[in-house]
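To start, the structure itself, in structure tokens.
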Amino acid sequence: MRRKLTWLILFTAVIAVTALYYAETGWATPSIGYKTRTLAKGGLGAFSVFNHFTGPNGQNWASWEATTAPSDLYVQDSVWLPGGTTGWHSHPGHSLIIVTEGTVTDYEGDDPNCTPHVYTKGMAFMDAGGSHVHIVRNEGTVEQAPLLSNSFPRVSRVALMPQTPGTAASNGNGPLR
């Protein structure tokens with residue numbers, strides 16, 4: 001009986017330590033002063049689309065996107081207050097972002113120098129999603145609002161997935177929030 005009780009206590013302690021470890025990882029990079037709203041959501045089956053165009057100057061342009069299973073497409077608007085941040089995160093699929101007001105600064109989690117990538121009104125950028133970890137901040141003094149288009153696997157959730165930053169923040173160069 002005493003041996004069973006010892007194993008039960010040990011097992012419970014291991015579960016508690018594991019839960020606290022993962023909870024701490026999630027709490028390390030909260031979003032602050034950032035809100036997003038879904039404007040539209042639509043479902044797609046598996047698809048493969050390829051487009052090619054040759055411009056009048058002979059420059060070639062090509063685009064290819066494919067999925068192997070059903071996906072959900074989201075169109076969202078977001079607001080970052082001055083000093084607002086998404087926190088370090090990743091998405092299960094890629095995102096296309098258009099800055100419609102103000103300025104945002106994007107930092108890549110795997111950049112050892114944590115180089116700021118600044119985007120202003122009218123500019124666009126892409127987040128590859130998957131294992132790509134990044135943080136987007138409003139380092140300016142005015143509220144800013146980009147428009148997002150996200151393509152995620154149907155089985156996922158649109159919510160941001162908290163992540164521990166890679167080399168960018170761990171070397172002391174990056175913004176921790």
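Of note:
- In region 59-97, the residues that are closer than 16 Å to T38 by Cβ, among the aliphatic types (A, V, I, L, M) and in contact with a Gly (Cβ under 9 Å, 6 or more places away or on another chain): L73, V75, V79
- Selected residue [assigned by TED's automatic domain parsing to the domain that holds T105 and farther than 28 Å from Y119 by Cα] from V49, V79, V75: V49
- Answer from L81, L73 - the residue that is part of a strand (DSSP E or B), modelled with pLDDT of 90 or more and surrounded by 10 or more Cβ atoms within 10 Å (Cβ to Cβ): L81
- Once region 146-175 is narrowed to residues that are in a loop (DSSP other than H, G, I, E, B), surrounded by 14 or more Cβ atoms within 10 Å (Cβ to Cβ) and among the hydrophobic types (A, V, I, L, M, F, W, C), the residue that is modelled with the highest pLDDT is L160.
Okay, residues lined up against (1) more than 20 Å from L39 (Cβ to Cβ); (2) surrounded by 13 or more Cβ atoms within 10 Å (Cβ to Cβ):
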{"residue": "E108", "(1), (2)": "yes, yes"}
{"residue": "N113", "(1), (2)": "yes, no"}
{"residue": "M126", "(1), (2)": "no, no"}
{"residue": "G129", "(1), (2)": "no, yes"}
{"residue": "H132", "(1), (2)": "yes, yes"}
{"residue": "I135", "(1), (2)": "yes, yes"}
{"residue": "T141", "(1), (2)": "yes, no"}
{"residue": "Q144", "(1), (2)": "no, yes"}
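This table checks each residue for (1) among the basic types (K, R); (2) free of Cβ contacts under 8 Å to residues at least 12 places away in the same chain.
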residue	(1), (2)
W80	no, no
T85	no, no
H89	no, no
G102	no, no
P112	no, no
T115	no, yes
A128	no, no
H132	no, no
R137	yes, no
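The values are calculated or read from the model by the stated rules, or taken from the named source; none is laboratory data. Quick caveat: nothing in here was measured; it's all calculated off a predicted structure. A quick note on method: Cβ atoms are made from the backbone with ideal geometry, for glycine too, and the neighbour counts reach across all protein chains shown.
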